[in-house]
Amino acid sequence: MKYNDSDLHKLQQISYNYSLYRTGDFDLSDDISMKTIGVFLLKADKIEEDNAIKWIVNTSKIHIKSHFRITKHEHNNIKKYQQNILGKLDSKHITETDVELRDTFKEVLKTLNIDEMKTILFYFQCEKKIKIMHSLLDISYDALRKKISRIQNKLKAETFKKLGVIATKKIITPKISDLIVKFLKSFKTNLEENSLEKMYYYFSEVDLDNYNPTYEISKILDYEIELVNTIYKLWVFFKNNYSETDSIYIEFFIDDKNHLKILTPPQKSKKVFKFNADSEEGKKILQMINSATVDKTGVSKFSTEELEKILQQMGKKKN
């Protein structure tokens, strides 16, 4: 079987991705992938196309085992793994769509254990395609999908902790999530350009004549959502031009053509508490957030009654 340059490049990348997942060492993975593809070239005429990927993975396994048998190297060095992943996330392999996740990793990477880090990095190496990961690993597709989902939820929950955000994430469909992201991007752009009238279809259900938002959005961080009957309530967390974390509140529904229609245009959240991290209340809230357990959906569990008491105390002090 003859393989062209494109085929060989893809196969070498598979070897590299798999080796990096198993070893956590970029230089070693480069070396193994080159050795693997070198042997492959010598035997290519005897390897059928349908068996090529399996051959590449099995040969990579042999090189990995050989390396660690000879060097007796302890390859589960979690600090080195963290540095390697950070290096990878800053490398040329990262696409523009990965920027938000890269920033998240930099903040909460230390909350992941070695297996979680290996898995999420391999997920990136496989272009976020679980089917590709599944074809290379000895784990069921469903188990792998759930594992990736748990890690992503953990990262999200820990990110909210870092931001001091307390909220509940409700499950929505990928389609609705895409509609929300598209709207937020368009809203940010048109807000900056003072051209919200261009979003007339989104705002066809409301009167924008008296809508004059005074806030500025530097960077959208994430959102939390709640569904009540057919109305979605959305809280959007963002960085303003002073690099402060802020939020806006929106209400919308999805029409029969699957379009997002705004009922309450984006406005600053009415109830906002700001506290000094060194204050008595601040220390209590931060301790509550940091010590909260995270369930399988990525939601932080803490005493809402205790939080409400602290917030009431803060409100009384201000009055």
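The values are calculated or read from the model by the stated rules, or taken from the named source; none is laboratory data. Note that the coordinates shown come from a computational prediction; the quantities given were computed from them, not determined experimentally. Note that we place each Cβ from the backbone using ideal geometry, even for glycine, and neighbour counts take in every protein chain shown.
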Q. Among the residues of the range 98-128 satisfying the criterion of being of a type in the set (Lys, Arg) and within 14 Å of the chain's Cα centre (by Cα), which is modelled with the highest pLDDT?
A. 128
Q | Residue selected from the range 17-43 under the condition of a type in the set (Phe, Trp, Tyr) and more than 13 Å from residue 58 (Cβ to Cβ), by the criterion surrounded by the most Cβ atoms within 10 Å (Cβ to Cβ) | A | 21
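Give me a count of the residues in the range 208-217 that are among the charged types (D, E, K, R) and farther than 23 Å from residue 182 by Cβ.
Summing the residues that are among the charged types (D, E, K, R) and farther than 23 Å from residue 182 by Cβ in the range 208-217 gives 1.
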**Q.** Matching entry among 253, 238, 203 (being in a loop (DSSP other than H, G, I, E, B), assigned by TED's automatic domain parsing to the domain that holds residue 181, surrounded by 13 or more Cβ atoms within 10 Å (Cβ to Cβ) and modelled with pLDDT of 65 or more)
**A.** 203
Q: Mind listing whichever residues of the range 220-233 are of a type outside the set (A, V, I, L, M, F, W, C) and surrounded by 13 or more Cβ atoms within 10 Å (Cβ to Cβ)?
A: 222, 223, 224, 226, 232, 233
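Would you point out the residue of the range 50-82, among those that are in a helix (DSSP H, G or I) and exposed (fewer than 11 other Cβ atoms within 10 Å of the Cβ), that is modelled with the highest pLDDT?
Filtering the range 50-82 down to residues in a helix (DSSP H, G or I) leaves 50-71, 78-82.
Restricting the remaining residues to those that are exposed (fewer than 11 other Cβ atoms within 10 Å of the Cβ) gives 50, 69-71, 79.
Values: 50: 86, 69: 71, 70: 63, 71: 62, 79: 55.
Looking at the filtered set, the residue picked out is 50.
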